[in-house]
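Notes for the one structure printed next.
The values are calculated or read from the model by the stated rules, or taken from the named source; none is laboratory data. Since the model is a prediction, treat every value here as computed from it, not as a measurement. Heads up, the Cβs are rebuilt from the backbone with ideal geometry, glycines too, and the neighbour counts pull from every protein chain shown.
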Amino acid sequence: MAQKLKGVDVVLVGLGWTGGILAKELSEAGMKVVALERGAMRSTEKDFAVPMIRDELRYSARNDLMQNPAKDTLTIRNNPSQEALPMRRLGSFLPGEGVGGAGVHWNGHTWRWTDMEFKVRSLYEERYGKAYIPADMTIQDWGITYAELEPYYDRFEYTAGISGKAGNIRGKIQPGGSPFEAPRAREYPLPPLRSSLAGEMFAVAASANGYHPFPRPTANASRAYTNPDGARLGACQYCGFCERFGCEANAKGSPHITVIPIAMRNPNFELRTHAWVTKVLKDSGGKRVTGVTYTSVLNGEEYEQPAQLVILCAYAINNVHLMLLSGLGVPYDAVTQKGVIGKNYCYQTGAGATLFFEGRHFNPFMSTGGLSMVADDYNTNLDFDRGPHGFIGGYSLSGGMTGGRPISFRPLPSGTPQWGKAWKAATAQWYGSAMTISSSGSVMANRYNYYDLDPTYRNAFGQPLMRMTFDYKENEHRMSRHTAQAINEIAKSMNPTSLNPATARTDPWTVVPYQSTHNTGGTIMGVNPRTSAVNKYLQSWDYHNLFVMGASVFPHNSAYNPTGPVGALTYWTAEAIKKRYAKNPGPLVSA
Amino acid sequence: MATRLKEVDAVIVGLGWTGGILAKELSAAGLKVVALERGKMFSTAEDFQVPQVRDELRYVQRHELMQNAARDTLTIRNNPNQEALPMRRLGSFLPGEGAGGSGMHWSGHTWRWTDMEFKVRSRYEERYGKSFIPADMTIQDWGITYAELEPYYDKFERVAAVSGKAGNIDGQIQPGGNPFEAPRAREYPLPPLTPILANEVFSAAAKNAGYHPFPRPSANASRAYTNPDGVRFGACQYCGFCQRFGCEANAKGSPHMTVIPIAMRNPNFELRTHAWVSKILKDASGKRVTGVTYTNVLNGEEFEQPASIVLLTAYALNNVHLMLLSGLGQPYDPVSQKGVIGKNYCYQTGAGATLFFEGRNFNPFMSAGGSSASADDFNTNWDFDRGKHGWIGGYNLSSGFNTALPIGYRPVPRGTPAWGKEWKAATAKWYQTAMNVGVSGSVMANRYNYFDLDPTYRNAFGQPLMRMTFDYKENEHKMGRHAAQVINDLAKSMNPTRLNEATARTEPWTVVPYQSTHNTGGTIMGTSPRSSALNKYLQSWDYHNLFVVGANVFAHNASYNPTGPVGALAYWTADAVKRYTKNPAPLVSA
Amino acid sequence: MKNVPFNRRAFLKSAVASSAAAVSVGLPQSAQAQQKAAAPPTPSAGYAFLNPDEAAFIEAVVDHMVPADELSPKGSDMGINTFIDRALAGGWGKGDRLYMQGPWKQGVPSQGYQLPLTPAELYRAGIASANAYCVKTYSKPFDKMPETQRQEFLVAWSTGKVNFENGPPARVFFTMLYQNVIEGMFSDPLYGGNQNKAGWKMIGFPGVIAVNQQNIEKYRDKKFPANPLGIADMS
Amino acid sequence: MTTRKVFFAAALAVIAHAASAQGDPKRGEKVFEECRACHAIEKGSNGVGPSLHGVIGRRAAELDDFRYSPAFKRANITWTRQNLDAFLADPQKLVPANRMPYAGMPEAKDRADVIEYMQRILK
């Protein structure tokens, strides 16, 4: 039987960005905090030292820092009438594992999601009419506003050391930034990164086509930096080994070099690694959770860790899985549309073109996670009229490569043979003389995109795998056609020697090639318990001492990367717990 | 859903020695035969090439030719009130896989089990009285006699190119052979292997201790040979890479180079590899089986192969597992002692001493699988009085080398440190100057040693793993102490420079170190359906068109290796099946 | 790392040179002198799995268990550390042929390996715990400890007297580590260990050429002159 | 060395050579049994070893439908009777590190007989 341990104030499940922030904030507020991380301890000097880290095969092709599907994975299908089969090998998305989680091997792109997302349903109903939103598109307002969140965005940006150029400071448009961004209180903590040739050429062409390009805000420190908590970041070396790698120069804002070391120095905080949480426990009354059960993967022993407060910080996918496995809240049913756990799963779409310029040298290998210029004219630009195009959502355009690692990045004009003499010649010629224009696009929530528990397959602990049902709907196909056209226009205007044009992503979603690790939804926040799992403080409507962090709280997915709002919302919840919940434990929002 | 295929006369599940023999014999008799083998095809030229085959790490330590535990394994416990846990990595026994099965990587030891085993209960009751057999020792007569089986032993020995020295031809004791063996019709097809130094030193000591040493019979061709089916054997090269390896010289009798190629040339026979049989199907009446369901592991597709006869030849463990998974016959229950499927699981015990002789050169790396001399004075010698020692069974004394490769075999005197300078010196000094004297001992059936299905763990096909409950009992401890004594006396008589004495195996059986792949019982043969799963023709009492062939039919385990009787019984059952096809009905009235 | 083909003349020359050096110096063959005179340190083969801490730990273990002397070079010069690294980076390290489905129970030793860890995960957690134990007990990680303390720790560890605080079961890791050192010392040089067949030469194992049908009699009770070849030499 | 002695030694060598030439093919066929497990005599049928059809006088590792080990490819010898005799006496000596799992024929008479047989049969 599980060995019962001494109770604590807070148990955190998972120790990435959200777990790390809460570990620091709550232990500093005097709470006795225990973090249970299923992976191993990570440190820059031990785990990301050169030359070991410069290994594309190990870290990029073989996903060394990611979750091991042999232990736990999901089953996948496009629609409810299809039989879901296990994702036996990681592909489309790469959930992290270990102390620091995905925050160790992300690219660093950090955006501020605005009221355009938080009030998506009311905005579109107001401007385009109720009927404009298709029946099955289950988007809803989040229950929070940009204004409430601004100071926490700022807090996260300064903790993670974001390099960028403000576009709007307190209503004043700043040249060089994004004119469409919501008003910021102040500049980014660091100036933008040095620009690359690809970024510059894209920016010139975009401007010529009437777009408003600006440097991508990203957690790659443009110069050495000490964050408000005293953590030191080195200057980015543009090494080209950024996403899927840990940063050997401590130049990429990551939890294991910012918030976690501070928490570790705090006697109120205890970290247990190799601790795989299998269940969240609830009391007989069904009103409160009482702690968690976990297995030490070092020896198979099972433990019960009682806690006053349970906070799920185990990446969006695992948070939802734990809620379903523990029977917390009513599971979503796509037929009756009842229940909330698993509801509104969203992903991200995209398109891209490759441009070949004879004789130009892009040196793709000199790059970093966020080295690209972005244009938001079809994204956060309110004035862009979606009406004639019939889609909801937006997409951002960007030019520039995050790296030139040769196993996966070998741009070739379409039609080049896959091997042999001609292939060799083309590979040699174009590796350094090609650039990409890509876009990442939003995905609106849909009645038939959701999570539940698989009836057949089990993980290494004998528990049912989570089942993901997802496909792009007509809304995303329309937006993607618009995207491909926009990209190809810009690309042609740069008259490359040759062009692999962008194409719309309208085939069924496949789990095989990597696309993005931006999985959102499943425990969405909202204004009432019937249509959402957590309130605006990410507090469970059903169990007031259960909080759920991460992108699983997003009711839909935007074109932007999720870590900005994920970090901000965590600081926002930490504040709510410290200031209000701790003093008077109970629902922070009356149902 | 499973795609239903055209019906055939016979479907064979698993293609090792027993599957290979039945495939050849039945297709030659005109039956339309399909064999379903879960592993891949093997050939000497492709798979056992020098130098790739000379790789101890790959073949011995990493079990290249064995079953993959990640896909299917067993759960293990010593007694019914212990929780069984999965054998997560192969250890104590190594089931084979692929067309040729264990017959590719065995050492070749081929014995004739005699009436001492087939009539074990009546013999012991007759000589030592009923009460000599402990209550829980569920040994029983097999229902077959040595005389019936002798011609089939002869057939298998000739097919597998067994080198040996007869000890008793038609009652006439032959010098140099085993005087205690049952009468043979004629000599072995090949003279014994060239003795190595360890054999000679052991034999001399055994002789003057009053024992009767003889060369171990083994399917390693002592010289070039053509078997009765026209298959050519090369001469064994004593390469020292025998057990767990395929033989590159075509000198070790194996199914993939003898019976299987002949079956393959017969249009009546079809082999499907990568075919994992998950269930045997039975008709509504519950009297006949109708075929099998299998998955093609190359693409995950499921098929149903209907057949008028089903033959299980998938190694002892998998045969029992398939019967339990398919609900064929009544599962054995140790409490009520009802049911037969899973009953009388037996293993083998042993003991051994290591003798160090300063200055001698034993060249342990030069050996065939069967390079050992044996003595049966405490085994098939019925005159040896077990009475005063209070145990039932026997053990075979032997000495020699089988596969003395350096990762696994580095003899050092007890007390030598496990690493460092002194360890290196001792390892270098004694590797070539040591030999061993050991025994392999019988295990009698017991009420609490059995198979059933595990309630918790599943294999890669989502089916419950088979659970093995086994431990050595007092009977085996007593025999073990007797054997250790005999070994140590004999070893001392050879006055080695140093001696690691033999000790009896009395600790609970552990699945960790390799011991032996002689797993017997689970669907035992017998004289009545209440106490056995099969009749003397290995035909199921309940389903007359189901035959189960392999060591799973043994009602208990002897000290000898099982392949001799397994091969003979395969030929014996082949004849029975040919008779069955003329009049498909139970061959023995229940 | 391409298998450096065995260059007999170079080996002999260096052997002769080293013995001459020892003689001229006239000192007893102390370990350091031997180390210096032994073959030039093999170029590092680099690591595909072990991080710097882990590599230092493994090198220290293999050099302690297999010290340099007249019988063979030290463990890391024989590539035993490389063998372990490659094994952990490869399929075996990732849990090939290991049943890895839960639920997870401790069981009893006779039920064999029951940890929910692949070999690579066990090494990673195990080395961290071993070093933590050494720092707590000897205030230094294993690779910085002097020879006597290393021996004391290894003996305690191998006899079950060491307990890794919230780490994997200490003895399970030692058993796997020791088996891998042996495998690294005697498996075919293909796998990174047993470089120049030093392990085989130490015990006179003749390697892959094994046509002994005639040798059985010719060398009965005589020393067989083994000049071992590996798989690569015949490929 | 007086010419007589030299002449006498040369004559001896010739006779010895001739003697070996008159190997007994009948007995040679029996000795050839040792080889049949791996070598076929029919053209084109390779097994563990290459087909020995037409091997006399052929260069080593010449068949393109058999995967010879590097040792034979490097050997660049022709299978004359003499080379065959040396090879059969001790295969690892003439072609070191070859893959043939056969220790050789120590008896000169066996080699002479089997080469005589091969000369006749393997045209």
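Each row is one residue, and each column tells you yes or no for (1) in a loop (DSSP other than H, G, I, E, B); (2) surrounded by fewer than 24 Cβ atoms within 10 Å (Cβ to Cβ); (3) hydrophobic (A, V, I, L, M, F, W, C).
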{"site": "A:Met1", "(1), (2), (3)": "yes, yes, yes"}
{"site": "A:Val10", "(1), (2), (3)": "no, no, yes"}
{"site": "A:Leu15", "(1), (2), (3)": "yes, no, yes"}
{"site": "A:Thr18", "(1), (2), (3)": "no, no, no"}
{"site": "A:Lys24", "(1), (2), (3)": "no, no, no"}
{"site": "A:Met31", "(1), (2), (3)": "yes, yes, yes"}
{"site": "A:Ala35", "(1), (2), (3)": "no, no, yes"}
{"site": "A:Ala40", "(1), (2), (3)": "yes, yes, yes"}
Across segment B:489-516, which residue is nearest to B:Tyr395 (Cα to Cα) among those that are without any contact (Cβ under 8 Å) to a residue 12 or more places away in the chain and more than 14 Å from chain C (Cβ to nearest Cβ)? B:Lys492
Taking helices (runs of 4 or more DSSP H) that fall entirely within segment D:28-90, which contain at least 2 residues that are of a type in the set (Asp, Glu) and under 29 Å from B:Ala221 (Cα atoms)? D:33-36
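Suppose we filter segment B:74-83 for residues that are more than 8 Å from every other protein chain (Cβ to nearest Cβ) and either free of Cβ contacts under 8 Å to residues at least 60 places away in the same chain or more than 16 Å from B:Tyr472 (Cβ to Cβ) (or both); how many remain? Don't jump to the end; show me each part of the working.
So the first thing to find is which residues in segment B:74-83 are more than 8 Å from every other protein chain (Cβ to nearest Cβ), and the list is B:74-75, B:79-81.
Adding the requirement that they be either free of Cβ contacts under 8 Å to residues at least 60 places away in the same chain or more than 16 Å from B:Tyr472 (Cβ to Cβ) (or both) leaves B:74-75, B:81.
The number of residues fulfilling the criteria is 3.
Can you tell me which of A:Ser122, A:Ser60 is within 24 Å of the chain's Cα centre (by Cα) and either more than 14 Å from chain C (Cβ to nearest Cβ) or within 26 Å of A:Gly19 (Cβ to Cβ) (or both)?
Working: A:Ser122 fails: within 24 Å of the chain's Cα centre (by Cα).
Exactly one residue qualifies, and that residue is A:Ser60.
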Odd one out for B:Ala426, checked against (1) under 24 Å from C:Ile182 (Cα atoms); (2) of a type in the set (A, V, I, L, M); (3) more than 10 Å from every other protein chain (Cβ to nearest Cβ); (4) touching a helix residue (DSSP H, G or I) at 6+ places or on another chain (Cβ under 7 Å): (4)
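Considering each of B:Arg54, B:Arg58, B:Arg88, B:Arg71 in turn, give the residue that is under 30 Å from B:Glu7 (Cβ atoms) and within 12 Å of chain C (Cβ to nearest Cβ).
Values: B:Arg54 fails: under 30 Å from B:Glu7 (Cβ atoms); B:Arg58 fails: under 30 Å from B:Glu7 (Cβ atoms); B:Arg88 fails: under 30 Å from B:Glu7 (Cβ atoms).
Result: B:Arg71 is the single residue among B:Arg54, B:Arg58, B:Arg88, B:Arg71 that is under 30 Å from B:Glu7 (Cβ atoms) and within 12 Å of chain C (Cβ to nearest Cβ).
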Tell me yes or no: at least one residue of segment A:417-434 is under 23 Å from the mean Cα position of the chain (by Cα) and in contact (Cβ under 8 Å) with a residue 12 or more places away in the chain. no
Taking segment B:119-131 as the region of interest, how many residues are in contact with a helix residue (DSSP H, G or I) (Cβ under 7 Å, 6 or more places away or on another chain) and closer than 17 Å to B:His518 by Cβ? 0
Only one of A:Gly103, A:Gly91 is assigned to a loop (DSSP other than H, G, I, E, B) and either more than 14 Å from chain C (Cβ to nearest Cβ) or modelled with pLDDT of 95 or more (or both), namely A:Gly91
Looking at (1) surrounded by 24 or more Cβ atoms within 10 Å (Cβ to Cβ); (2) over 21 Å from A:Trp113 (Cβ atoms), which one does A:Arg360 not meet, given that it meets all the others? (1)
What are the pairs, 6+ residues apart or on separate chains, where a residue within segment C:157-168 that is more than 10 Å from every other protein chain (Cβ to nearest Cβ) has its Cβ under 8 Å from a residue that is of a type in the set (S, T, N, Q) and part of a helix (DSSP H, G or I)? C:Glu165/C:Ser129
Within segment C:92-113, residues being surrounded by fewer than 21 Cβ atoms within 10 Å (Cβ to Cβ), assigned to a loop (DSSP other than H, G, I, E, B) and of a type in the set (S, T, N, Q) number 1
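Quick one: would you say A:Glu117 is of a type outside the set (Ser, Thr, Tyr), outside any loop (DSSP other than H, G, I, E, B) and either surrounded by fewer than 20 Cβ atoms within 10 Å (Cβ to Cβ) or within 14 Å of another protein chain (Cβ to nearest Cβ) (or both)?
Numbers: of a type outside the set (Ser, Thr, Tyr): yes; outside any loop (DSSP other than H, G, I, E, B): yes; either surrounded by fewer than 20 Cβ atoms within 10 Å (Cβ to Cβ) or within 14 Å of another protein chain (Cβ to nearest Cβ) (or both): no.
When the stated conditions are applied, A:Glu117 does not pass them.
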Out of segment D:102-113, which residues are within 8 Å of chain C (Cβ to nearest Cβ) and either in contact (Cβ under 8 Å) with a residue 40 or more places away in the chain or in contact with a Leu (Cβ under 9 Å, 6 or more places away or on another chain) (or both)? D:Tyr102, D:Gly104
Selection count, segment C:63-92, where residues are at the interface with chain B (Cβ under 10 Å from one of its Cβ atoms), in contact (Cβ under 8 Å) with a residue 60 or more places away in the chain, out of contact with any Phe, Trp or Tyr (no Cβ under 9 Å at 6 or more places or on another chain) and aliphatic (A, V, I, L, M): 1
Sort through C:Ala45, C:Ala87, C:Ala56 and tell me the only one that's in a helix (DSSP H, G or I), under 18 Å from the mean Cα position of the chain (by Cα) and surrounded by fewer than 20 Cβ atoms within 10 Å (Cβ to Cβ). C:Ala56
Keeping to segment C:100-114, report how many residues are within 11 Å of chain A (Cβ to nearest Cβ) and in contact with a Phe, Trp or Tyr (Cβ under 8 Å, 6 or more places away or on another chain). 5
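For segment A:204-245, which positions are closer than 23 Å to A:Ile262 by Cα and either small (Gly, Ala, Ser) or touching a helix residue (DSSP H, G or I) at 6+ places or on another chain (Cβ under 6 Å) (or both)?
Applying the first criterion (closer than 23 Å to A:Ile262 by Cα) to segment A:204-245 yields A:218-221, A:223-236, A:245.
The answer is A:Ala219, A:Ala221, A:Ala224, A:Asn227, A:Pro228, A:Asp229, A:Gly230, A:Ala231, A:Gly234, A:Ala235, A:Phe245.
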For segment C:169-218, how many residues meet the condition of being at the interface with chain B (Cβ under 7 Å from one of its Cβ atoms), within 12 Å of the chain's Cα centre (by Cα) and assigned to a loop (DSSP other than H, G, I, E, B)? 1
Single residue of segment A:268-287 satisfying the filter (within 14 Å of chain C (Cβ to nearest Cβ), of a type outside the set (Val, Ile, Thr) and more than 14 Å from A:His321 (Cα to Cα)) that is surrounded by the fewest Cβ atoms within 10 Å (Cβ to Cβ): A:Glu270
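Mind listing whichever residues of segment B:389-403 are at pLDDT 95 or above and out of contact with any strand residue (DSSP E or B) (no Cβ under 6 Å at 6 or more places or on another chain)? So that I can check it myself, show each step before the final result.
Initial filter on segment B:389-403 (at pLDDT 95 or above): B:389-401.
Passing the criteria: B:His389, B:Gly390, B:Trp391, B:Ile392, B:Gly393, B:Gly394, B:Phe401.
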Restricting the search to segment A:273-293, which residues are hydroxyl-bearing (Ser, Thr, Tyr), in a strand (DSSP E or B) and within 24 Å of the chain's Cα centre (by Cα)? A:Thr278
Which residue is surrounded by the most Cβ atoms within 10 Å (Cβ to Cβ), if the candidates are limited to segment B:130-163 and must be outside any loop (DSSP other than H, G, I, E, B), without any contact (Cβ under 8 Å) to a residue 40 or more places away in the chain and not charged (D, E, K, R)? B:Tyr146
So the helices (runs of 4 or more DSSP H) completely within segment B:14-129 holding 2 or more residues that are of a type outside the set (Phe, Trp, Tyr) and farther than 27 Å from D:Met100 by Cβ are B:17-28, B:115-118, B:120-128
Qualifying residue in segment B:450-465 (condition: of a type in the set (Gly, Ala, Ser), out of contact with any Gly (no Cβ under 7 Å at 6 or more places or on another chain) and at pLDDT below 95): yes
